[in-house]
Amino acid sequence: MTDAANPTLDLLRTRRSIVARDMGQDGPSAEQLEDILRAGLRVPDHGKLAPWRFIVFEGTARKQFGGVLERAYLASGMPDEDDRRQFERERFLRAGAVVAVVSIVNPESKIPEWEQVLSAGAVCQNMLIAATAHGLAAQWLTEWYAYDDMVNQALRLHENERVAGYLYFGSVVNAPGERVRPDFEDKVSRWRPEI
Ligand SMILES: Cc1cc2nc3c(=O)[nH]c(=O)nc-3n(C[C@H](O)[C@H](O)[C@H](O)COP(=O)(O)O)c2cc1C
């Protein structure tokens, strides 16, 4: 297989998120979702802490959690306008399934907190890649509710836990366009010793 025809490299070169409002609800299948979740388990993780866990919202749970989002939104004091309550109630229905990736920091560990959190970011990216490889739409979102205490209580998060992302998975309705990417030369430098 030539480099150009390598499907993994090709996916990495071309992967795009498909935003939640543009995805369909036809998928992932139960098998696809399990495969995506398993891909999330296989990330680099210094010290074998597995410093993350995943909460799945599928089927009716997506609508039921909408009740939590609506109540938390109203309690937050953010403006209740333009059918916002209904939007919050139906937020998770934009996707076929939503997965909250929860970062767990063990403060007793000798592994720095920064590295434990980074591992949760790797989980999110692995899951996006796996979903895209399955031909699905996927997006990593935090929006307001990843940072809301009421919502986090409803997730029954512990003190050392935070939401790294809500991953939305659905079906592809329209192929996404490209997005402006950073310039290679701006981002890549090569270290040289000072003379
Ligand atoms: C941690 C994290 C949180 C994000 N939260 C949001 C968000 O709340 N709203 C949003 O529009 N995009 C958010 N994004 C960006 C999108 O998921 C996505 O990266 C962006 O649309 C570009 O997608 P692509 O580069 O994967 O094609 C977030 C990205 C990351 C890494």
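Which ones in region 87-129 are assigned to a helix (DSSP H, G or I) and closer than 19 Å to Pro28 by Cβ? Let's see the steps before the verdict.
In the first step, residues of region 87-129 are kept if they are assigned to a helix (DSSP H, G or I); the result is 87-89, 91-94, 113-129.
Listed by number, the residues that qualify are Arg91, Phe92, Leu93, Arg94, Val123, Cys124, Gln125, Asn126, Met127, Leu128, Ile129.
What's the number of the only condition in (1) more than 16 Å from the ligand (Cβ to nearest atom); (2) modelled with pLDDT of 95 or more; (3) under 28 Å from Met150 (Cα atoms); (4) not β-branched (Val, Ile, Thr) that Asp45 fails to meet?
(3)
Mind checking whether some residue in region 60-68 is within 16 Å of the ligand (Cβ to nearest atom) and in contact with a helix residue (DSSP H, G or I) (Cβ under 8 Å, 6 or more places away or on another chain)? Lay out the reasoning, then the answer.
Here is the first cut: in region 60-68, the ones within 16 Å of the ligand (Cβ to nearest atom) are none.
Looking through region 60-68, none of the residues is within 16 Å of the ligand (Cβ to nearest atom) and in contact with a helix residue (DSSP H, G or I) (Cβ under 8 Å, 6 or more places away or on another chain).
Among Ala61, Ala75, which is in a helix (DSSP H, G or I), closer than 22 Å to Ala30 by Cβ and out of contact with any strand residue (DSSP E or B) (no Cβ under 7 Å at 6 or more places or on another chain)?
On the way: Ala75 fails: closer than 22 Å to Ala30 by Cβ.
Step by step, each of Ala61, Ala75 is checked, and only Ala61 is in a helix (DSSP H, G or I), closer than 22 Å to Ala30 by Cβ and out of contact with any strand residue (DSSP E or B) (no Cβ under 7 Å at 6 or more places or on another chain).
Mind counting the residues in region 159-193 that are touching a residue at least 24 places away in the same chain (Cβ under 8 Å) and not small (Gly, Ala, Ser)?
Qualifying residue count for the region: 14.
Please go through region 139-180 and give me each residue that is under 22 Å from Leu118 (Cβ atoms), outside any strand (DSSP E or B) and either within 12 Å of the ligand (Cβ to nearest atom) or of a type in the set (Val, Ile, Thr) (or both), ordered by number.
Answer for region 139-180, where residues must be under 22 Å from Leu118 (Cβ atoms), outside any strand (DSSP E or B) and either within 12 Å of the ligand (Cβ to nearest atom) or of a type in the set (Val, Ile, Thr) (or both): Thr142, Glu143, Ala146, Tyr147.
On the given criteria, is Val19 touching a Pro at 6+ places or on another chain (Cβ under 9 Å) and surrounded by 13 or more Cβ atoms within 10 Å (Cβ to Cβ)? Spell out how you get there, then give the answer.
Details: touching a Pro at 6+ places or on another chain (Cβ under 9 Å): yes; surrounded by 13 or more Cβ atoms within 10 Å (Cβ to Cβ): yes.
So Val19 fits the description; yes.
Under 18 Å from Tyr147 (Cβ atoms) and either surrounded by fewer than 15 Cβ atoms within 10 Å (Cβ to Cβ) or not charged (D, E, K, R) (or both), is that true of Ala75?
yes
The values are calculated or read from the model by the stated rules, or taken from the named source; none is laboratory data. Since we're looking at a predicted model, the values are computed, not measured. Positions of Cβ are generated from backbone atoms using ideal geometry, with glycine treated the same way; all protein chains shown enter the neighbour counts.
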